[in-house]
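Enquirer: Provided herewith is a single structure, encoded as structure tokens, for subsequent inquiry.
The values are calculated or read from the model by the stated rules, or taken from the named source; none is laboratory data. Not measured: the values here are computed from a predicted model. Cβ sites come from the backbone with ideal geometry, for glycine too, and all protein chains shown count toward neighbours. When the accessible area is computed, the model is the full protein with side chains, heavy atoms only, and any ligands, DNA or RNA have been set aside. Shrake-Rupley method; radii C 1.70, N 1.55, O 1.52, S 1.80 Å.
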Amino acid sequence: MIVLDRCAVSTVDDAGTEHPSGHVVIDGGRVKSVGSGAAPRPSEAHTYVDASSCLVTPGLINTHHHLYQWATRGLATDATLFEWLTALYPVWRGLDDTVTHAAASAGLARLALTGCTLAADHHYVFPSGGGDVFDALVSAGRRIGIRLEAIRGSMDRGQSHGGLPPDNLVEETEAALIATEQAIGDYHSTADDALVRVAVGPCSPFSVSRELMTGAASLARRHGVRLHTHLAETLDEEEQCLAENGCTPTEYAEQLGWLGPDVWLAHTVHLNAGAVKRLGATRTGSAHCPTSNGRLGTGIAPVRDLLDAGAPVGLGVDGAASNEDGGLVVELRSALYQARQRGGPGAMDARTALWMGTMGGAQVLGRADSLGSIEPGKVADLAVWDLSGMDYAGIADPVAALVLGTPPPLKLLIVGGEVVVRDGVLLTASTDELARDLSAASAKLQEAAR
């Protein structure tokens, strides 16, 4: 049992309930109570935390990442998306389970230290002879101690068939589907507090065949798991889709059965009004990745329009090879700024940005019943942000301080009642060891590519 007392609380519940000075009580990995004023002191043994000068929010949820890319940061820094992929695919040919585990562990550690309690990782590179890279990803999640939506990705359309990846980096269609089904059987949990869930994720229309897209949709729905892919990230993609299929990426996705409440799409930058309407009408989710979109210069997603249309929208960090920061809390501010660049200062406020980073992400990943807000009975995934000190002095609104100010340190990060970060220090792994392993993995990959 943990008692958080004398703190500001933003519950992000449906009513937007906030407590300027309140408390949260955690028992058995669940929120027992939340409210204003001093915390009730239970008679049972408990840990009492004086959280004055802190803001308690739901743990942040990252709806799109490529953790293996932590081993290839700082490359092709001035490239377009297609140029960037062309430069990095030869490097990723050297990926194996050791590199994947090191990169994923470091990436998840960075996410935890920036308030993330659930990360969706889209892993679609399975080089021959690389070992069990998917297991390496899942074991990294268990090592760091945050929740993982492990997306078993795939590519079957190499350069010889008009795709971007080298032919020796793609799988056979049937082999990819068999391996995906195996991953669901091995790792997916349906529990509402599951640490690991598996989703099905063919990479993108320009690296995946029509047969794999439709086969993956059928497989996912047969097993009751979610579907994920990249869509409408660049104008190049739209031009290619129009040339090959005679339709826009969103129209193509709908033809393949890839719109619906069990689907979420990464980026969705280039959507016309009709596409926005279709995503809203079908409750298809979107993973908005503002920093990565800025790094690659792909454009600004119509997030306000999607929200107004009724589409669930969460935030994504994306792979660290296109977002070297790799943290999640900074995406709150980036999302707000980009929305205002597109639609003016009324396009997004701080609380909407926080909603996208918490409840919006829970909706996108199909976990809003148990995660994303601070309410009695929900799983206790909480971030306790330390707003003391010069950086926040004089900012009366703690949510504005979190979203618009300097990213604050964590007093605590709690996942299912377990403390993962305390006073800015990761408790589950040594960050020095993670850095050494990551440096070795990066050097190994880049040496193999020479």
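Enquirer: In the range 98-111, is there at least one residue being over 21 Å from the mean Cα position of the chain (by Cα) and at pLDDT 95 or above?
Expert: Looking for residues that are over 21 Å from the mean Cα position of the chain (by Cα) and at pLDDT 95 or above, one finds at least one in the range 98-111, hence yes.
Enquirer: Could I ask something else about it? Any idea how many residues of the range 1-49 are over 24 Å from Q363 (Cα atoms) and basic (K, R)?
Expert: Number of matching residues: 2.
Enquirer: I'd like the residue in the range 296-324 that is free of Cβ contacts under 8 Å to residues at least 40 places away in the same chain and of a type outside the set (G, A, S) and, out of all such residues, is farthest from H66 (Cα to Cα).
Expert: The qualifying residue farthest from H66 (Cα to Cα) is D308.
Enquirer: Ok, one more. Taking the conditions exactly as written (in a helix (DSSP H, G or I), surrounded by fewer than 24 Cβ atoms within 10 Å (Cβ to Cβ), free of Cβ contacts under 8 Å to residues at least 40 places away in the same chain and out of contact with any Cys (no Cβ under 6 Å at 6 or more places or on another chain)), does A281 satisfy them or not?
Expert: yes
Enquirer: Could you check the range 137-162 and list, in sequence order, the residues that are open to solvent by less than 10 Å² (accessible area, probe 1.4 Å) and of a type in the set (G, A, S)?
Expert: A140, G141, A150, G153, S154, G158, listed by residue number.
Enquirer: Looking at A216, A275, A243 in this structure, which one is surrounded by fewer than 24 Cβ atoms within 10 Å (Cβ to Cβ) and assigned to a helix (DSSP H, G or I)?
Expert: A243
Yes or no, residue by residue, for (1) part of a strand (DSSP E or B); (2) of a type outside the set (D, E, K, R); (3) in contact with a Phe, Trp or Tyr (Cβ under 8 Å, 6 or more places away or on another chain):
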| site | (1), (2), (3) |
| --- | --- |
| G22 | yes, yes, no |
| E44 | no, no, no |
| G74 | no, yes, no |
| T77 | no, yes, no |
| T86 | no, yes, no |
| V91 | no, yes, no |
| A103 | no, yes, yes |
| A106 | no, yes, yes |
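Enquirer: Please state which one of A87, A38, A103 is over 22 Å from L412 (Cα atoms), surrounded by fewer than 24 Cβ atoms within 10 Å (Cβ to Cβ) and not acidic (D, E).
Expert: The conditions single out A87.
Enquirer: Being charged (D, E, K, R) and outside any helix (DSSP H, G or I) is the filter here, so list the residues in the range 396-450 that pass it.
Expert: Answer for the range 396-450, where residues must be charged (D, E, K, R) and outside any helix (DSSP H, G or I): D397, K411, E418, R422, D423, R450.
Enquirer: What single numbered condition from (1) within 17 Å of the chain's Cα centre (by Cα); (2) of a type outside the set (F, W, Y); (3) surrounded by 24 or more Cβ atoms within 10 Å (Cβ to Cβ) fails to hold for P205?
Expert: (1)
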